[in-house]
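Participant: I'd like to ask some things about the structure below.
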Amino acid sequence: MATNIERTLQQLAESQLLLMKRMEANSLPSYPVNRAIAPQQTAQNFYGTGGLFADCALDRPVLNAMLSPTNTIANDIPVIPTRDSLVKYGFITDIADAGAGPMDYPCDDPPQVGDVSACFASFGIGRLEYSTETLEVDELIMRAHQGIREDLYFVGDIRGVSAIPSDRELDRGAILGGAVNRQMQLWGRSTQKTLNYWFWNGDPTAGPQNGAHGGWKSFWGLNSLIADDYDDKDFVTGTNCAALNSDVKDFSTAEGGGVVGVDGIYEWMQELEDTIYQRASYMNVLPARWKWVMHPILWGQIVKHLPCEMLSDTCSTPNNPNASVVLNVNDGGGGFANMTLREQMKSSMTIDVNGRTYEVKLDDFAPITKTVGQNEYTGTIFFVPYTVGGEDVLYWRNVDYTLFDQALSPLPGNQTDMLGWTDGGRYHFVIQHNGRCFIVRGKVQPALVFRAPHLAGRIDGVKVRTLQTKPLPDTTPA
């Protein structure tokens, strides 16, 4: 979780005792009791009686053996503060031709120019909120016995990658920082995991993602925004909206069933890039910046075959996908051009397509499925524009809580200090009490804005086969 959150809440346990004394001395009104707050601590205790690490025989390092997502392009894009509940953008989709000519006489009425057609896309602000488990003031400072050591630390990231970028402390602080900080890191894990899932699969019409009365509100994810059905989308209005369609290809229709290594994927990437680049050229929006995005498992297998395809223009014969092809390349005597090119792409995370060099980004939340009973995975390769004509076209719009509240206080002393924002206004927190028990509720309200679907592309049905089963961290909502 963000460092200022943890600094803010690190003193929370001690400050609660001070707060109770202030309330008694100054006759401050008591805080409203939330009946959902348990009457005793339910948050996991590390050092108290029965605690997870209440064992004096433990050595300091605690190794992580849990798979957590570590790659996402959700934190690779800008975050722009907003106070608007709806973000709406317009696109010129057509200019009608002028009336037919020619004019017969110089003073006849000339043909009239045509009208401009436009399409409009709306991006609604989402809402996501989680709370910590119940913490009790007395329990926060207790440990099982004097022999319990409190200098343990985690080796490895237990929180996972952030969707909306923010500062965060090392996982060593998850143990050292106390129960409040541990709960806040768990809050951060749940929040960011759900946001990353929504980044790709968000759907404001899906029941599991949206509360009946607005408690949770999702936004449209990139799987729905890079698409070829813009003339049917509910959040798009106007004329000729099919002009916003992305270039969508289905690799499974290839002769060998869309298996990388049997069918050539590089030719498909060339066609996709060339089509989109030519669109951008005719629209006069160059320069533009694109990135190839895919799941790490796809990239790990595709990069094995790309050099062969790039150097020979093909690695299989069209009428016999299983036939052997001899590739003879002289790279200065070493004879390792294929391997050299592969290692260059892997180390630089770039790929040359049609004479242009593009960055490759990996995303653990990008769509991928495993064939049951086989070491076979099917996913999608995305060609995503980041900037067009110098303008950002993929970014977050996040409600700016600094506009209507104060920063979360490190030493709460009155009722107004029980809420506030962190991370420059990106997250908002409320501390609710039931006697000496309390929970911390955190909320974020983002929108994912994608302004150039017509300059994006995807290749679906890309199938790769591996020698063994690959690790797949859980990327479903927390």
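Throughout, read-outs are computed from the coordinates displayed, never taken from laboratory work. For clarity, every value in this text was computed on a predicted model and none was experimentally measured. Neighbour counts are summed over all protein chains in view; Cβ atoms, including those assigned to glycine, are modelled from backbone coordinates with ideal geometry.
Participant: Amide H to amide H under 5 Å from residue 427: which residues, 5+ apart in sequence or cross-chain, H placed 1.01 Å off N in plane?
Facilitator: Amide H neighbours of residue 427, under 5 Å, 5+ apart: 422.
Participant: Right, something else. Ratio of alpha-carbon Rg to the 2.2 N^0.38 Å globular estimate for the stretch 433-478, to two decimals, please. Let's see the in-between values first.
Facilitator: Values: Rg = 21.2 Å, N = 46, 2.2 N^0.38 = 9.4 Å.
Cα Rg divided by the expected 2.2 N^0.38 Å: 2.25.
Participant: Here's another thing I want to ask about it. Simple spin-label model, 7 Å along Cα-to-Cβ: residue 237 to residue 369 in nm?
Facilitator: For residue 237 paired with residue 369, the spin-label model returns 3.5 nm.
Participant: Rounded to the nearest 0.05, what FRET efficiency do residue 96 and residue 122 give with R0 = 30 Å and r taken as the Cβ-Cβ distance? Could you check? If you can, show how the numbers build up before the last one.
Facilitator: Numbers: r = 25 Å, r/R0 = 0.83.
Calculated transfer efficiency: 0.75.
Participant: Under 5 Å between amide hydrogens, which residues at least 5 positions from residue 364 or on another chain qualify, with H placed 1.01 Å from N in the peptide plane?
Facilitator: Amide H to amide H, under 5 Å and 5 or more residues apart or across chains, residue 364 pairs with 70, 71, 72.
Participant: Checking the table 291/346; 304/361; 217/291; 217/370; 193/361 against a 21 Å threshold on Cα-Cα, which pairs fail? It would help to have the intermediate numbers written out before the result.
Facilitator: Details: 291/346 15 Å; 304/361 17 Å; 217/291 29 Å; 217/370 30 Å; 193/361 18 Å.
Pairs exceeding the cut-off: 217/291; 217/370.
Participant: Need the full-extension length gain, residue 267 to residue 76, defined as separation in residues times 0.36 nm minus the C-alpha distance. One decimal, nm. Before the final figure, lay out the partial values.
Facilitator: Working: separation 191, 0.36 × 191 = 68.76 nm, distance 2.75 nm.
That works out to 66.0 nm of additional length.
Participant: I would also like to ask the following. List, in order, the whole-Hz ³J(HN,Hα) value for each residue of the stretch 194-199 obtained from phi through the Karplus relation with A = 6.51, B = -1.76, C = 1.60 and θ = phi - 60°; use x for Gly and Pro.
Facilitator: Ordered by residue, 3J(HN,Hα) equals 5, 4, 5, 5, 5, 3 Hz.
Participant: Remind me, what semi-axes does the stretch 369-478 give for its equivalent ellipsoid, largest first in whole Å, using sqrt of 5 times each Cα gyration tensor eigenvalue?
Facilitator: Numbers: eigenvalues 353, 123, 15 Å².
After scaling each eigenvalue by five and taking roots: 42, 25, 9 Å.
Participant: Considering amide H positions built from the backbone, and no H for Pro or chain starts, which residues 5 or more places from residue 117, or on another chain, come under 5 Å of its amide H?
Facilitator: Amide H neighbours of residue 117: 93, 94, 95, 96.
Participant: So between residue 129 and residue 343, what do we pick up on full extension, going 0.36 nm a residue minus the alpha carbon distance? Present the calculation step by step, with values, prior to reporting the outcome.
Facilitator: Numbers: separation 214, 0.36 × 214 = 77.04 nm, distance 4.31 nm.
Answer, rounded to one decimal: 72.7 nm.
Participant: Moving on. Quick one: 3J(HN,Hα) in Hz for the stretch 274-280, Karplus 6.51/-1.76/1.60 with θ = phi - 60°, rounded, Gly and Pro as x.
Facilitator: Once rounded to whole Hz, the list reads 4, 4, 6, 5, 5, 4, 4.
Participant: Please turn the phi angles of the stretch 453-465 into ³J(HN,Hα) values with the Karplus equation 6.51 cos²θ - 1.76 cosθ + 1.60 (θ = phi - 60°), one per residue in order, whole Hz, x for glycine and proline.
Facilitator: Calculated HN-Hα couplings, in order: x, 6, 10, 10, x, 8, 10, 7, x, 7, 10, 10, 10 Hz.
Participant: Also, I was wondering about something else. How many nm is it between the label spots at residue 476 and residue 289, if each spot is 7 Å from the Cα in line with the beta carbon?
Facilitator: Here the modelled spin labels are 3.7 nm apart.
Participant: Within the stretch 385-402, what residues put their amide N at less than 20 Å from the label point 7 Å along the Cα-to-Cβ vector of residue 356?
Facilitator: In the stretch 385-402, the label zone of residue 356 (backbone N under 20 Å from the point 7 Å along Cα→Cβ) covers 385-395.
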